[in-house]
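See below for the structure under consideration.
We did not get these values from a lab; they are worked out from the coordinates using the rules stated. Treat the numbers as computed from the prediction; the structure is a model and nothing was measured. Because the Cβ atoms are built from the backbone with ideal geometry, glycine has one as well, and the counts that use them run over all protein chains shown.
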Amino acid sequence: MLAGVVFLAGAVLMGLEMVGSRILAPYFGNSIYVWGSLISVVLAALTAGYFLGGRLADRRPHPEWMGWLIVAPGAFVSTMPLWAGPFNFWMINTGIGIREGSLLSALVLFFLPGLFLGTVSPYAIRLAAERLQTIGTTAGMLYAISTAGSIVGTLFTAFYLVAWLGVTHILYLFGGILVVLGLVVVIWGHRRGMAAAAERPASAATASRTSARAASRRAATGGRQASGRTLLWALVAVGVAAASLVAGLGSAGWTGIAQGRGEILYERDSVYHHILVVDDPGGIRYLKFDDSWQSAMDRERPDDLVFWYTRYFHVAMGLVPDARQLLMVGLGGGSVPKNFLATYRDLTMDVAELDPEVVAVAHRYFQVPLDDPRLRIVAEDGRLFVRRSPHRYDAIFLDAYFAHSIPFHLATVEFFEELEARLTPDGVVASNIIGALSGRHSLLFRSMLKSMQAVFDTVYVLPVGTTSGSAIDPVQRNIIVLATNQPALSPQAFQERIASLEREGRLPPGSSLYARSLVVEAISTGDVPLLTDDHAPVDTLLRI
C-alpha cells in the first residue's frame, strides 16, 4: 500500500513540475528563468516538506493524517485551471520583470503542492518502519520507489500527456489522482485504526467483561464519530475538485490571454508551445506562441504581409534578385512563404519548422498549402535541417527567435558557419532579431551581430520603422540583419540598388522605403561576447 502511495505521489509531483512550464510560458516565455524558477521552488517545497513530514509523522503516526496531506494538494491542483491563468496575467501586467515574475508565480502556484507532497515519503517511512534495525532498508526502498515514480511521471507527462490532454485536463487528472489516492489512504488508515481499537479490549486477559463491553462501546462511538468526520472532509475535497472541473470545462480556455483581440479559434499545448489562434473584429487572424504574437493574416487578402518586419525580408531579395531557391527557418503562420511564392514566381522554398502542430495549424487556419510543388515544409529543428540538407540556397531567412527567449543553438558562430556552407557564393542570410541598437536592450542583438560578422564579410542592419541611420538607438524593436560574402555596398549604393529593382518591378512596392532604415554608422560590439556553442548566454543577454 505505502509503496504505491509514494510512487504515485512522486509521479504526480514531477508531472506537475513538467506541466508547470506550460502554465508559466504563455506569460513569461519558456526561457531558462522559467525553468530555474520552477526547479528552485519545487526543491524548496520538497526541503520544507521532508522536514515537516518527518516531524509530523513522529507526533501523529497515523495513516489518516498522511491521507489528508495528499488530499489537500489534490484539491488545490484541481482549482488551478480556474485562477492560474488570470493570476499570471495579473502578475505580468504589474510590470514586474520576467525573472521576478516567473519566480513569484511559481512560488504561488507550486510551493504548496510540493510542500504537501514532500511530506509523503518521510510519513510513509515512519509508518512502514517496524524495527530500528531495518529502518535504513525501509527508507532506501521507499525513496527509490518515489524516485522511480518521479521518473515515470516526468517522462509520461513530457512525452504523452502534454500532447494528448493539454494543461487544463492534466491539472484535473493530477488533482483527481491525488484526491482519490488520499481518500483511499484515509479509509485504509481509518479501518486499520478501528480494527486495532476493537482488538485491544478483547486481548486484555485481565479485563472484566463489563469493562471490555464499555471499551468496545467507546471504541464504536469514537469510530462512528471519526467516520462522520472522514466522510464530511471527503465530501468537501471531492466537492471542491468536482466544482472546479465543472466550472473549468465550461470555459473557452484556461489561460485567458487573448487580451481582448477577438474570438479564440484554436488553443492547444503542443510539445513545444502553447498555441493560440485568434480572429479580431478588424479581419486579422493572429497566431500566438506562449507569450509572443508570432504571425498575422488578413482574412480577405491571405497572401499579404501584415507584420511590418516581414516586409523588410524583401530587401534581402534585392541582394540576390535572381534567386531561385530559398530556405526559411521557422514557419509560424506561413506569412513569408505564402507572400514570397506569390511575389516571385520562379522561386522554390524549403521551410524547417520544429513543431509539427504548427505546420498543421498553419495549413488549417492560415491557408499555407501543403501540396504546392514549390513549397516543401519539414517538421525538424532548423539547425539539424541545415546540417542534413543537400541543397545550396540563394537566401536563408531566420525567423525562429522570440522576444523573451530564443533557441541558443540558432544564434552561434558555429550555426552561422553551417548556414554559410549551405549558401551559394553570393547568397544572403536574413535574420529577424528583437532588440535595440544601443542601451540595455541591445546586448543580445549586438552579440548576435558580432557572431555574424565573425563569419560573413558584409553585414547590413535595418531596424524596422523610421530611423536616422544612427547606431545610437535604445528603442526595442524588430531588427533585420542581412549577412553575405558579397563586397560591401555604400549606404547610397545599397539604397539605390533596392530602389532600382523596385522601379523595374522586381521587388514589391515599398522595398526602397524599408532600405532607407539602413544603419550607416558602425555598431559597437566590443563589450558583448561572441556567441559559440560552448558559451551562448542568450537568456542573460536579454536582460529581461
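Using the Karplus curve 6.51 cos²θ - 1.76 cosθ + 1.60 with θ = phi - 60°, work out ³J(HN,Hα) for each residue of region 10-18 in order, rounded to whole Hz, and write x for Gly and Pro.
Result, ordered by residue: x, 5, 5, 4, 6, x, 5, 5, 5 Hz.
Contact order normalised by length for region 468-544, with contacts defined as Cα pairs under 8 Å and 6 or more residues apart; what percent is it?
Relative CO of region 468-544 lands at 37 percent.
Quote the relative contact order of the chain in percent (integer), defining contacts as alpha-carbon pairs under 8 Å separated by 6+ residues.
It rounds to 13 percent for the chain.
By the scheme Lys and Arg +1, Asp and Glu -1, what is the net charge of all other residues having a beta-carbon under 10 Å from that of V336?
+1
How big is D, in µm² s⁻¹, for region 292-541 by Stokes-Einstein at 10 °C and 1.306 mPa s if Rh is the Kirkwood radius over C-alpha pairs?
87 µm²/s
Return one number: the angle in degrees, 0 to 90 and rounded to the nearest 10, between the long axis of the Cα atoms of helix 209-249 and the longest principal axis of the Cα atoms of the chain.
20 degrees
By how many degrees, between 0 and 90 and to the nearest 10, does the Cα long axis of helix 135-156 differ from the longest principal axis of the chain?
40 degrees
Starting from the exponent 0.38 and prefactor 2.2 Å, build the expected Rg for region 1-94 from its residue count and divide its actual Cα Rg by it.
After normalising by residue count via 2.2 N^0.38 Å, the value is 1.26.
How large is the direction-averaged shadow of the alpha-carbon convex hull of the chain, in nm²?
For the Cα atoms of the chain, the hull's average projected area reads 29.8 nm².
How would you order 427-436, 521-530, 38-47, 496-505 from highest to lowest mean count of nearby Cβ atoms within 10 Å?
Per-residue Cβ counts within 10 Å, averaged per peptide and sorted highest first, yield 427-436, 38-47, 496-505, 521-530.
Sequence-distant or interchain residues sharing an amide H contact under 5 Å with V351, placed H: which?
Under 5 Å from the amide H of V351 lie the amide H atoms of M328, R376, I377, V378, each far enough along the sequence or on another chain.
How much net charge surrounds Y514 when only the other residues with a Cβ under 12 Å from the Cβ of Y514 are counted, with Lys and Arg +1 and Asp and Glu -1?
+1
Normalise the Cα radius of gyration of region 415-483 by 2.2 N^0.38 Å (N = residues in it) and let me know the number.
Expressed relative to 2.2 N^0.38 Å, the Cα Rg reads 1.12.
If eta is 1.306 mPa s and T is 10 °C, what Stokes-Einstein diffusion coefficient results for region 2-191, Kirkwood Rh from Cα pairs, in µm²/s?
Result for D is 94 µm²/s.
Work out Dmax and Rg for region 125-181 from the C-alpha atoms and quote the Rg first, both in angstrom.
15.8, 47
Which number comes out as Rg/Rh for region 490-544 once both Rg and the Kirkwood Rh are worked out on C-alpha atoms?
1.23
Calculate the FRET efficiency for I264 and S524 from the Cβ-Cβ distance with a Förster distance of 45 Å, rounded to the nearest 0.05.
For I264 and S524, the calculated efficiency is 0.55.
Expressed in whole Å with the largest first, what are the equivalent ellipsoid semi-axes of region 83-188 derived from the C-alpha gyration tensor as the square root of 5 times each eigenvalue?
They are 33, 17, 14 Å, listed from largest to smallest.
What net charge is computed for the residues neighbouring V455, neighbours being all others with C-beta under 11 Å from the C-beta of V455, Lys and Arg scored +1, Asp and Glu -1?
Charge balance in the 11 Å sphere: -4.
For the chain, find the longest principal axis of its Cα atoms and tell me its angle to the long axis of helix 166-203, 0 to 90°, nearest 10.
The answer is roughly 10 degrees.
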